[in-house]
Amino acid sequence: MKEEPVVGRFAPSPSGRMHLGNAFSALLAWLSVRSAGGRMILRLEDLDTARCKRAYCDQIEADYRWLGLDWDEGGSAGGPQYYQSSRSEYYRAALEVLEGQDLLYPCFCTRSELHAASAPHLSDGAALYAGTCRNLTAAEVAEKRRLRRPATRIRVPEREIAFRDGVMGAYREQLAEQCGDFILRRSDGIYAYQLAVVVDDALMGVNQVVRGRDLLSSTPRQLWLQERLGLPHPTYYHVPLLYGGDGHRLSKRQQDVDLGALRAAGVRPETLVGQLACWAGLLERPEPVAARELIPLFSWDKVGRTDILVPERVIDH
Ligand code: GLU
């Protein structure tokens, strides 16, 4: 049987400059695609229009190129641009399919109701939804609608979703107990990441998802949505996260370790790529290397599961 060509994606949220953690997963996603002779898509996940800026999209593209990475489709590559903020029609259509399966309900809960101290909390810190609006009568819904615009929530079944992650191994989750009914569209009309990512991966033919381990716990939800929508399941590789010296996870809020600061400090792309490749387990020592030189060395077997502690030296560079 002929294997289908690998289609991967780099799907940043343009709410800030790329940081080391983004660069680490971007490099691995790119190597995985390029070592298989596959196609790479750039998708800008700018659903949250209040936080995302077009200027960051351009910077992300520039930083991605500076790292020595390239892509075939999306952004400024020519052809479709794949800004999620312009793709509402596809998310709406998927929502209608789910509506037709009687899985959705309006949720009027306020932020403070959702985060009440009494609410059980999930491993990622989010509150498990208590089901307050799950069984409202039509009259109650009509009454509440007069006061507040609802979010749209999906009813999850009492089911375990299990899958094998290409890096982290077996992972399973009881949807009702460990995830709970989740939001697909916010009360301000913005579609949720969980829905958009599933719809877009399928429409763009993505069959391989490489991203940070922080999204491992989103995957059962996404697998279940794919099932409900009749979409294929991509294979998943969740890569370790990078932590700063004081134990916090590197994020866009840590301006000091974004690629802008590193570039301004005179760090060469080969130096950074060599360091990232060493953390990933692809090189024994952090010696300078161009991203394309890593293609023949790449194998998922070499990539470890352990999170990476970034030494101060790199941050200070
Ligand atoms: N946009 C997400 C992020 O930047 C990644 C989503 C994904 O890869 O599924 O964290």
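The values are calculated or read from the model by the stated rules, or taken from the named source; none is laboratory data. Keep in mind it's a predicted model, so treat the numbers as computed, not measured. Counting neighbours? That spans all protein chains shown, and the Cβs are built from the backbone with ideal geometry, glycine included.
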- Task: Read through the list (1) of a type in the set (D, E, K, R); (2) touching a Pro at 6+ places or on another chain (Cβ under 8 Å); (3) within 12 Å of the ligand (Cβ to nearest atom), then give the number of the only condition that ARG9 fails.
- Result: (2)
- Verdict on ALA119 being surrounded by 13 or more Cβ atoms within 10 Å (Cβ to Cβ), in contact with a strand residue (DSSP E or B) (Cβ under 6 Å, 6 or more places away or on another chain) and modelled with pLDDT under 95: yes
- Note on the structure: Matching residues in segment 100-114 (free of Cβ contacts under 8 Å to residues at least 60 places away in the same chain and surrounded by fewer than 14 Cβ atoms within 10 Å (Cβ to Cβ)) number 5
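Please work out if ALA291 is among the small types (Gly, Ala, Ser), surrounded by 14 or more Cβ atoms within 10 Å (Cβ to Cβ), in contact with a Lys or Arg (Cβ under 8 Å, 6 or more places away or on another chain) and under 20 Å from VAL239 (Cβ atoms).
Working: among the small types (Gly, Ala, Ser): yes; surrounded by 14 or more Cβ atoms within 10 Å (Cβ to Cβ): yes; in contact with a Lys or Arg (Cβ under 8 Å, 6 or more places away or on another chain): no; under 20 Å from VAL239 (Cβ atoms): yes.
Taking the combined requirement at face value, the residue does not satisfy it.
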- Exactly one of TYR83, TYR90 is in contact with a strand residue (DSSP E or B) (Cβ under 8 Å, 6 or more places away or on another chain) and under 21 Å from TYR193 (Cβ atoms), and that residue is TYR83
- How about segment 116-231: which helices (runs of 4 or more DSSP H) wholly inside it have at least 1 residues that are away from the ligand (no atom under 16 Å from the Cβ)? 138-145, 219-229
- Message: Conditions first: (1) within 16 Å of the ligand (Cβ to nearest atom); (2) crowded, with 17+ Cβ neighbours inside 10 Å; (3) among the basic types (Lys, Arg). ARG249 passes all but one, so which condition is the exception?
- Response: (2)
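Considering each of SER25, SER32 in turn, give the residue that is closer than 30 Å to VAL310 by Cα, over 16 Å from the mean Cα position of the chain (by Cα), touching a residue at least 24 places away in the same chain (Cβ under 8 Å) and within 14 Å of the ligand (Cβ to nearest atom).
Numbers: SER25 fails: over 16 Å from the mean Cα position of the chain (by Cα).
Selected residue: SER32, the only one of SER25, SER32 that is closer than 30 Å to VAL310 by Cα, over 16 Å from the mean Cα position of the chain (by Cα), touching a residue at least 24 places away in the same chain (Cβ under 8 Å) and within 14 Å of the ligand (Cβ to nearest atom).
State whether one or more residues within segment 82-94 are within 13 Å of the ligand (Cβ to nearest atom) and surrounded by 21 or more Cβ atoms within 10 Å (Cβ to Cβ). Reasoning before the result, please.
Looking only at segment 82-94, we keep the residues that are within 13 Å of the ligand (Cβ to nearest atom), and these are 82-85.
Remaining after also requiring surrounded by 21 or more Cβ atoms within 10 Å (Cβ to Cβ): 82, 84.
Within segment 82-94, one or more residues are within 13 Å of the ligand (Cβ to nearest atom) and surrounded by 21 or more Cβ atoms within 10 Å (Cβ to Cβ).
Do we have PRO12 as crowded, with 22+ Cβ neighbours inside 10 Å and out of contact with any Gly (no Cβ under 7 Å at 6 or more places or on another chain) here? Full working, then the answer.
On the way: crowded, with 22+ Cβ neighbours inside 10 Å: yes; out of contact with any Gly (no Cβ under 7 Å at 6 or more places or on another chain): yes.
Considered against the rule, which asks whether it is crowded, with 22+ Cβ neighbours inside 10 Å and out of contact with any Gly (no Cβ under 7 Å at 6 or more places or on another chain), PRO12 comes out as yes.
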- Note on the structure: Expected output for segment 182-199 (first residue free of Cβ contacts under 8 Å to residues at least 12 places away in the same chain and under 11 Å from ARG221 (Cβ atoms), partner of a type in the set (Asp, Glu) and surrounded by fewer than 23 Cβ atoms within 10 Å (Cβ to Cβ), Cβ below 6 Å, 6+ apart or cross-chain) is none
- Note on the structure: Picked from segment 122-173 (must be basic (Lys, Arg) and buried (at least 16 other Cβ atoms within 10 Å of the Cβ)), the residue farthest from ARG111 (Cα to Cα) is ARG155
